[in-house]
Amino acid sequence: MATLQEYKCPNCGGAITFDSSLQKMKCPYCDTEFEMETLAAYDAALNQDRPDDIQWTPEQNADYSNMDGENILSYVCNSCGGEIIGDANTAATSCPFCGNPVVMMGKVSGALKPDLVIPFRLDKAAAKASLAKHFQGKRLLPKVFKSENHIDEVRGLYVPFWLFDAEADAHIRYKATTVRTWSDSNYNYTKTSYYSLLRDGSLSFQGIPVDGSEKMPNDLMESLEPFDLSGAVDFQTAYLAGYFADKYDVSREDCMPRADQRVKASTEDAFAATATGYSSVRAEASSIVTKNGRVRYALLPVWILNTTWRGQKYLFAMNGQTGKFVGNLPMDKGAWRRWFFGIFAGVAAAVIGLSVLLYFLH
């Protein structure tokens, strides 16, 4: 069994959780509120705790290989004694029997302790409201989706991220074009001119986020950006109370290629933006050298909403700090066909009308 941490109200003994609207810990039973600074010293004391070192020699023929699965861990709830099952990356969850929030201390301490956390600013009600708003104005969304779509789960999850800081010195060569068109009574003319552009300079990057969880789709997490890192605070386990959390299972070394790609793309785009007055600008070659690199480990707040409609699962996510909402929706094929042919008919009618007008003008 592994070590769990629960935050108990000293007044009534109830489990206290982090309240995103108050930015404090609050007891849902007696409404007592606790400042985060009050719990900082408690967290510091927890970090001084050391586990017992009591060793036993197993029997020679004993086989414990099936006692614990490689990726499954078992915990005992300190409140009710119920068994809590989590995978190897679970850092915070709740007891399935009494509902008390618990933090797996071994997953957020020592070398696994995050440097930063962005606390939740928005609650579950805001996530549900954003899902309903996400449906609005979607002409190609099946009309019955809103009424028949069933929300299976709304989960506040702290997702592990690696934050990369660096300074980049760049030398980039771009291929640019200008296009000029004109016509006379007989022909239409197009002249394309080609240019080679050179750009040199430096950029500073702060907090490039790369998802450190295999469970979370990278494109989904990047769609939730940006996170405002000015709202990040030093990590305390108390922020996890009442939410789910995972420790990273993608190392910072494995995340570095993605960070490199983002630095490269951002640098090329930033320098390309200085090349104005051209019809097109495309990077042909680039040399980007980074220095003073630093990597930090952070937990960022995300609301995950799982829904089911006609046997198919749909995944939505909301940035728990800014409220940015993303997710794919089904498409009404009949509505799409009506929309497409309506646009096509409108364009065709406009072209025919213009042709008739030109005929009479000549």
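Derivation of every value follows stated rules applied to the coordinates shown; laboratory data play no part. A quick note: this is a predicted structure, and the numbers were derived from the prediction, not measured. No Cβ is skipped: glycine too gets one built from the backbone with ideal geometry, and neighbour counts run over all protein chains shown.
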How do 88-97, 201-210, 234-243, 300-309 rank on mean C-beta neighbours within 10 Å, highest first? 234-243, 300-309, 88-97, 201-210
Qualifying GluC sites (Glu not before Pro) in the range 160-236, DSSP loop, other Cβ atoms within 10 Å at most 14: Glu214
Say each of Asn292 and Asp152 gets a label point 7 Å from the Cα, pointing the same way as Cα to Cβ; how far apart are those two points in nm? 4.7
Excluding residues on the same chain fewer than 8 positions from Lys215, give the lysines whose Cα lies under 28 Å from its Cα. Lys107, Lys113, Lys124, Lys128, Lys133, Lys146, Lys247, Lys264, Lys313, Lys324
